[in-house]
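Each remark here refers to the structure printed beneath this line.
Values quoted throughout were computed directly from the atomic coordinates according to the rules given, and no laboratory measurement underlies them. Since the structure is predicted, the reported quantities are computational estimates derived from the model, not experimental observations. Neighbour counts are summed over all protein chains in view; Cβ atoms, including those assigned to glycine, are modelled from backbone coordinates with ideal geometry.
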Amino acid sequence: MIVVPLAVAMALTGPLAVRRVSQPAHASMRPQWNAIGLVSAMVVVGAGTVGALATVAWPVAARIGFVASLGRWSSGQVGRYAPVPIGVSAVAALLGVAVLTRMAAVISRELRGVWAAERGPAGEQLIVIDDPVPFAHSVYGWGWRPDRLVVSSGLLQSLDDHEREAVLAHERAHLRNHHAVFRLVAALAVAANPLQRRCRRELDFQLERWADERAAHVTSRSVTARAVGRTALAQARMMRSMTSGSALALDGSSVPARVGALLDPPPDRGWRDLGCYLLVILVSGALLLVGVAYAESFVDILQRAR
Amino acid sequence: VADTDADPTSRRPAGELEADVLAALWAHTEPASANDVQAALGRPLAYTTVATILVRLCEKGMVRRVRAGRGYLYQPVVNESDHLTGQIRRVLARAGDQSAALQGLVDSLSPDEEAQLLAMLHDRRDDEGATEAEPR
């Protein structure tokens, strides 16, 4: 019966801990290590949440006639030995189905996106969209379709030569460092435990910072800061004129923080400071292991229910 | 081909050079000569390399070449609009939900953040020399 509080504790505190830990870390730690630490912690918490749901939900699944006939146990007997009330199991099973559906949706969306992209020669390709709104975006090909940089003519014409180089270097850094993989994994972790949504926003910020630092390496910190800042300012101006004043302020832009970080000296704390994330990973991982060990006893129960 | 890439630590794949040249050409609002493009590129690149890449881009239909005096001027080719909306749609589809896509493509600054950003960039301007502060 101890599983239920354990599972709930795991699912609720994991995301909080990840966020808590990422906050003080992000300022002076290199963004790539921050991103790696964050995404690892998110995966462990996500997997732990799925594991916790499975631990509570299995008696319901075991009662389904088809599953019972496969395992050759009696679906009626399972209920007698189940360690959690059937109602609790049913709720967990519903949540589990919702989680699996969301994860499938995340994967299918990504697959459809890659599928829709045109084939072409491997390597990078620049697509310029003739649009006055300045924007830049990278489209990862998953090694299957060509990687693409999508940039608007408005952006290219509003920046000087060095700033343009910084923007291209930034988008290239997203592609080179496989940031799309981080984003997909994080999306799956959020699908598994929606409480991690804020962690994903933090991860997105770290990935942008990572790409900024690479661009600063190719050009310079001040050029990259100017490119990022001026692009955002031009976008804000455009959006305001397009929406006639009522700008859609979503939830705060990360650009001032990024520009501020670029104007500061480069972050120098490396992987040694992953300790904070490691703590979350170890605690969540330990809970996961307890769950797995507990699952062993389910086998015994099912054996008895034959 | 004489490739005088200044930084030997960064090996640049062919696609990357093409992208740089194409971007430089787009940034130039008027038709540009190979010399103009060479001058606009961030890092030093041999004239012959730039010219070769421009020819390759012409062959791919991404750049148009017009005769001007004794040489050629180059101009980026604007794709048909339906193709472009297709590309954008694909980018949006890839980014997942629409609001996230919009956020990914265009950053929305609040007026406060805008002022903050302007101040930050302005402080830096003094030691940078005068390029225009306002994006066009």
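Run the helix sum for chain A: -39,500 (n - 2.57) per DSSP H stretch of 4+ residues, divided by residue count, reported at 222 nm to the nearest 500 deg cm²/dmol.
Working: 12 runs with 220 residues, N = 306.
Mean residue ellipticity at 222 nm (helix-derived): -24500 deg cm²/dmol.
Just counting partner chain Cβ atoms within 10 Å, what average do the residues of peptide B:26-34 show around their Cβ?
3
Give the peptides A:125-131, A:223-229 in descending order of average Cβ contacts within 10 Å, highest first. Numbers along the way, then the final one.
Numbers: A:125-131: 20.4, A:223-229: 27.6.
Per-residue mean Cβ counts within 10 Å order the peptides as A:223-229, A:125-131.
Could you sort the peptides B:15-26, B:32-43 by per-residue average Cβ neighbour count (10 Å cutoff), highest mean leading?
Details: B:15-26: 23.2, B:32-43: 18.1.
Taking the mean over residues of other Cβ atoms within 10 Å, the ranking is B:15-26, B:32-43.
Which of A:Gln77, A:Gln206, A:Gln235 ends up with the largest GNM mean-square fluctuation for chain A, with Cα atoms connected below 10 Å?
A:Gln77
Please check: in the Gaussian network model of chain A (C-alpha springs, under 10 Å), which one of A:Arg197, A:Arg63, A:Arg221 has the largest mean-square fluctuation.
Among A:Arg197, A:Arg63, A:Arg221, the largest GNM mean-square fluctuation belongs to A:Arg63.
Averaged over its residues, how many other protein chain Cβ atoms are within 10 Å of peptide A:61-68's Cβ atoms? Before the final figure, lay out the partial values.
Working: counts 0, 0, 0, 0, 0, 0, 0, 0.
The shielding value for this peptide is 0.
Restricting to chain A, what percent of DSSP beta bridges are antiparallel, rounded to 5? Mind showing how you got there, number by number?
Numbers: 4 of 11 bridges.
Taking every DSSP beta bridge with both residues in chain A, the antiparallel ones total about 35 percent.
Counting only other chains, and only Cβ atoms inside 10 Å, what mean value do you get across the residues of B:45-57? Display every interim value, and only then the final one.
Values: counts 0, 0, 0, 0, 0, 0, 0, 0, 0, 0, 0, 0, 1.
The shielding value for this peptide is 0.
Counting other C-beta atoms within 10 Å, which of B:Cys58, A:Cys276, A:Cys199 has the fewest, and how do the rest follow?
Details: B:Cys58 15, A:Cys276 20, A:Cys199 27.
Listing B:Cys58, A:Cys276, A:Cys199 from fewest to most nearby Cβ atoms yields B:Cys58, A:Cys276, A:Cys199.
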